[in-house]
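Below: the structure, in structure tokens.
The values are calculated or read from the model by the stated rules, or taken from the named source; none is laboratory data. Note that this is a predicted model, so its numbers are computed, not measured. FYI the Cβ positions are ideal-geometry reconstructions off the backbone, even for glycines, and counts take in every protein chain you see. Quick note on the areas: whole protein, heavy atoms, side chains included, nothing else; ligands and nucleic acids left out. Shrake-Rupley method; radii C 1.70, N 1.55, O 1.52, S 1.80 Å.
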Amino acid sequence: MNHLLGTPARMVVTAMVVLLLVAGGALAFLSLSSVEHLASGSAEKTIVVECDFEKFRQIMVRKNATAAIVGQSGMTLIDERVEDLQVDTSQDDRPLLNAIRGRSKTDVQAVKKLRVSLNDPHIAADELTLRQRANVHPDGMDVVTESIAAAANLDSYRITLDARPKGTQTEVTLTVALDVRVTVPKAFTGRADREVQQSAVEAVSEQATSLQRFVAEHAGERFILPELGGGSD
């Protein structure tokens, strides 16, 4: 009698165990099934460059800073073309003399189109096209470089540079932001986010190091002469 009464209870328990196993298997399957995920990363770094701002902006405008900095960001510059260049000397009564003396009051606005090759294990694209907008003034400089369109799994890429005088030095703030579309098991989306974030952190750190090195190469020069094909200030 007790045995017969206990049978239904055991059947219920067994059914519950089976249901839990099925549910657990379904959850495991869902967690391992692949999903499309947009992984984003962004980073910012502020550095102080041992160079006064007037010379810093001369170096950035007259020397090929783009190739040097891009080359330390997991990219290689393939081509760069000036799409627009505007030079405003209205606030400078002696623009040529002041430029030679390193006291320019000229405003420069430039737009470039860049084509770069990529070397990042998280990005499937081999090449990327960017548009760079630079505004250079006597008391500040800001440069925004961003992708024109998505390339393979790289949805967007954006880097900025903001420079301001800081006594006899120059304070520069750099940022990097990117969105990468990946297909991974649902359980691994967090890992994808962390890897793309790490790419952003490494990129901004490499750019900061490259910028410091690039400016140091020219900061000791008495006159910053334009490179062939470079800009003018």
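Among the β-branched types (V, I, T) and modelled with pLDDT of 90 or more - does that describe any residue in segment 94-113?
Yes; the residues of segment 94-113 include at least one that is among the β-branched types (V, I, T) and modelled with pLDDT of 90 or more.
Does V48 qualify as being open to solvent by less than 70 Å² (accessible area, probe 1.4 Å), at pLDDT 55 or above, part of a strand (DSSP E or B) and over 21 Å from I159 (Cβ atoms)?
When the stated conditions are applied, V48 does not pass them.
I'd like the residue in segment 60-73 that is assigned to a helix (DSSP H, G or I) and surrounded by fewer than 21 Cβ atoms within 10 Å (Cβ to Cβ) and, out of all such residues, is modelled with the lowest pLDDT. Don't jump to the end; show me each part of the working.
Pass one, segment 60-73, residues assigned to a helix (DSSP H, G or I): 60-62, 65-70.
Narrowing the set further to residues that are surrounded by fewer than 21 Cβ atoms within 10 Å (Cβ to Cβ) leaves 62, 66-68.
On the way: R62: 82, T66: 77, A67: 70, A68: 64.
Out of the qualifying residues, it is A68.
Return the total of residues in segment 120-150 being under 20 Å from D179 (Cα atoms), in contact with an Asp or Glu (Cβ under 8 Å, 6 or more places away or on another chain) and surrounded by fewer than 20 Cβ atoms within 10 Å (Cβ to Cβ).
Residues in segment 120-150 being under 20 Å from D179 (Cα atoms), in contact with an Asp or Glu (Cβ under 8 Å, 6 or more places away or on another chain) and surrounded by fewer than 20 Cβ atoms within 10 Å (Cβ to Cβ): 2 in total.
Six or more apart or on different chains, Cβ under 6 Å: which pairs go from a residue in segment 148-171 that's farther than 21 Å from E206 by Cβ to one that's modelled with pLDDT of 95 or more and outside any loop (DSSP other than H, G, I, E, B)? Could you list them?
R164/E171; Q169/V48
Just give me the residues in segment 164-204 being among the acidic types (D, E) and either open to solvent by less than 60 Å² (accessible area, probe 1.4 Å) or within 29 Å of G140 (Cβ to Cβ) (or both), in sequence order.
Scanning segment 164-204 gives E171, D179, D193, E202.
Would you confirm whether any residue within segment 52-59 is within 17 Å of T160 (Cβ to Cβ) and modelled with pLDDT of 70 or more?
Applying the first criterion (within 17 Å of T160 (Cβ to Cβ)) to segment 52-59 yields 56-57.
Now restrict to residues that are modelled with pLDDT of 70 or more: 56-57.
Yes, there is a match, as at least one residue in segment 52-59 is within 17 Å of T160 (Cβ to Cβ) and modelled with pLDDT of 70 or more.
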